1. Taking LYS421 as the anchor, which lysines have their alpha carbon closer than 16 Å to its alpha carbon, excluding any fewer than eight residues away along the same chain?
2. Tell me which aspartates and glutamates have Cα within less than 13 Å of LYS35's Cα, excluding those fewer than 8 residues away on the same chain?
3. Relative to the Cα centre, what is the charge dipole magnitude of the range 593-663, using +1 at the beta carbon of each Lys and Arg, -1 at the beta carbon of each Asp and Glu, and rounding to the nearest 20 debye?
4. Which shape class, rounded, prolate or oblate, goes with the range 420-579 when its Cα gyration tensor gives a ≥ b ≥ c as root eigenvalues, a/c under 1.5 marks rounded, and past that a/b bigger than b/c marks prolate?
5. Given only helices, namely DSSP H runs of n ≥ 4 each adding -39500 (n - 2.57), what is the per-residue ellipticity at 222 nm of the chain, to the nearest 500 deg cm²/dmol?
6. Can you tell me which lysines have their Cα less than 27 Å from the Cα of LYS608? Leave out same-chain residues fewer than eight positions away.
7. Highest first, please rank the peptides 324-333, 88-97, 454-463 by the mean number of other Cβ atoms sitting within 10 Å of their residues.
8. Heavy-atom accessible area per residue, the chain, 1.4 Å probe: how many Å²?
Amino acid sequence: MSTDLTVQLIILLPLIGAAFLGLVPLFARGLRTHKGLLGTIGTLMVAIPFGLAAMLFIQGVDTAFITSIYTWMGVGDFSVEIAYRIDQLSLIMTLVVTGVGALIHVYATGYMAEDRSFWKFFAYLNLFIFMMLNLVLANNLLLMFLGWEGVGLCSYLLIGFWYEERKNSAAASKAFIVNRVGDFAFLIAMFMLVQEIGSLDFDSILSGAGAMSEGTIAMVVFLLFLGATGKSAQIPLFIWLPDAMAGPTPVSALIHAATMVTSGLYLLARLSPLVLMTPDVMMLIAIVGALTAIVAATIALTQNDIKRVLAYSTVSQLGYMFMAAGVGAFFVAIFHVITHAFFKACLFLGSGSVIHGMHHVEHDLRDKGYAGDFDAQDMSFMGGLKKFMPVTRWTYLLSTLAIAGIPLTAGFFSKDEILFKAFEYGYDGNGYAWFVWGVGILTALLTAFYMTRSYMLTFEGKARWPMQNEVHPHESPSSMTLPLIILAGLSMIGGAIGFPKIAEKIGLSNWIHDYLVGHGDHPGPVGEPEIHAHISVSVEIGLILLGAVIAVVGVLWAWRFFAKYELGGDELIRARFGKLYRWWQSSYYWDKFYERTIVRPVIGGAEKTFAPFDQHVVDGLVNAAGRVSMAFSWLFGRFQTGVVQNYALAIVLGSILMIALFLF
């Protein structure tokens with residue numbers, strides 16, 4: 001099979017799946033009941049592209065391969081093609097998108113089995129994968145922007161999938177609107193590049209950057225970074241992601257753990273040689289990433305909704321990735337994207353398994369006449385689930401250890417590399433990197449603590465739901481637990497692709513660095529800065545040990561704390577931190593701030609200014625047109641007398657008028 005055909009199949013199969021699943025059941029209603037068939041088709045439309053991408057990966061990619069489909073638009077000297085790029089960066093992202101996406105599709109066949117809109121859900125999932133593949137495989141910014149906006153649309157559809165509840169529709173709208181802010185900056189950056197270079201192809205942008213002024217390059221990179229803050233949930237545009245947990249759990253795992261939220265990092269990595277030319281913007285990227293990481297981590301400490309803990313954890317980990325990009329370690333950012341896809345997807349799917357089980361508890365409670373409060377996502381009503389859900393418990397625990405950075409897990413290697421690169425960049429004379437490194441250390445400790453807290457409150461201790469002696473959850477079906485096992489395994493061994501530099505002494509290499517950055521006469525698609533300082537072996541060992549100690553201390557601290565106090569531990573934290581705890585629990589009042597400074601003034605101004613204009617001017621013009629039409633209708637109606645002689649007279653007078661006009 002030719003590479004051109006392979007790439008086309010990778011792109012088109014999810015689109016074909018989306019079209020089939022979304023259109024055929026509309027007319028063949030009987031097909032909607034065949035959920036096994038629909039789920040299999042949806043899963044295969046993602047699994048087959050994964051196999052094709054794996055085949056390309058095994059064959060190896062030395063230079064970028066471009067597949068041109070057709071010319072999309074052409075105006076003068078400017079043209080844009082529907083063209084896809086296969087290189088090391090796009091290929092590894094394609095493997096993540098389709099691989100993790102296929103596992104989530106398998107999981108969804110069990111999780112959504114009882115939903116009446118099963119067919120529509122899988123159509124949306126397939127469409128999302130198609131748009132995401134356009135984003136990561138595009139050979140130019142405009143096609144990437146098509147995928148960028150496409151995943152935004154699909155996220156709106158999937159977050160608000162259960163639209164009968166108003167809060168779900170509100171969360172979908174919030175995600176859609178907030179992302180448009182960043183997307184506007186992305187558009188302005190593209191306009192500037194067209195003006196300066198006359199092309200949006202990646203090769204043309206990178207080769208033509210030398211002709212642009214430093215100020216122009218800085219502005220373009222800054223605008224692209226603003227676009228990335230929206231899609232990748234960085235301060236100040238991170239507020240949409242926690243509310244997006246209103247969608248079904250497979251949506252949370254797919255969009256907010258493994259794919260869409262990492263789009264901003266992919267954009268910066270794709271244009272990393274351009275970003276490296278703007279040290280001031282890099283400093284801003286690193287500082288914003290560090291602040292996002294620590295702010296989200298402190299908020300996660302106080303959440304009781306299991307999915308919101310993971311949502312703020314995602315925001316914090318995205319901040320970690322931006323920290324890496326800000327110190328020039330783009331390959332490490334992508335490394336953390338990969339490991340994060342493994343353990344965070346497993347955690348989200350694990351939380352979905354827990355919620356699935358607790359929903360059955362809720363149904364049983366209602367059947368027995370229980371009328372009290374109960375929330376299937378609130379960890380206050382959980383506890384002791386390890387007895388009833390052993391597979392979910394073990395996979396959740398392993399993924400928790402991975403995100404905490406326990407030695408030899410995937411998270412340990414990627415997080416340690418981020419901290420090392422920040423330390424190295426600071427040691428090389430870039431002062432802001434020391435701040436980034438310090439925040440990274442503190443965030444790592446908090447991450448280990450709050451993730452262990454979520455595990456302890458969910459699976460350890462005593463059961464805390466009502467009538468626990470009479471009703472209890474059951475383990476999820478194999479369609480849900482099998483993806484958990486695979487992702488948990490990858491969370492353990494996935495870090496092997498990025499051993500630290502010191503491991504070279506025992507024959508282990510940092511494969512992800514060599515693959516993305518390249519070496520010698522074979523540079524890769526991802527750039528990195530020149531580092532003149534040299535970190536000694538003893539310091540590097542010390543940094544590795546420090547990262548390991550922080551992870552172990554954070555886990556053991558939380559384990560002992562919540563094993564001893566169970567839910568009372570939260571009360572002790574509240575008493576110790578007081579007002580600060582309330583700030584964390586209220587997400588630093590970000591939503592209230594936006595509500596008072598933007599939402600209310602805009603809506604109030606619209607009601608006072610635009611509503612009267614709409615009512616009196618716009619509606620007035622429409623109503624006036626209607627009245628004029630009615631007046632003319634009444635006038636011409638007077639001539640319709642029904643008397644034949646009058647009509648004959650009108651014909652004669654009309655004929656005389658026409659002859660007169662013709663003669664004179």
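1. List returned: LYS501.
2. Those aspartates and glutamates meeting the cut-off are GLU114, ASP115.
3. 80 debye
4. oblate
5. -23000 deg cm²/dmol
6. LYS167, LYS174, LYS592
7. Ranked from most to least packed, the peptides come out as 324-333, 88-97, 454-463.
8. On a per-residue basis, 42 Å².
The values are calculated or read from the model by the stated rules, or taken from the named source; none is laboratory data. Quantities reported herein were computed from a predicted structural model and do not represent experimental measurements. Counting neighbours? That spans all protein chains shown, and the Cβs are built from the backbone with ideal geometry, glycine included. Quick note on the areas: whole protein, heavy atoms, side chains included, nothing else; ligands and nucleic acids left out. Shrake-Rupley method; radii C 1.70, N 1.55, O 1.52, S 1.80 Å.
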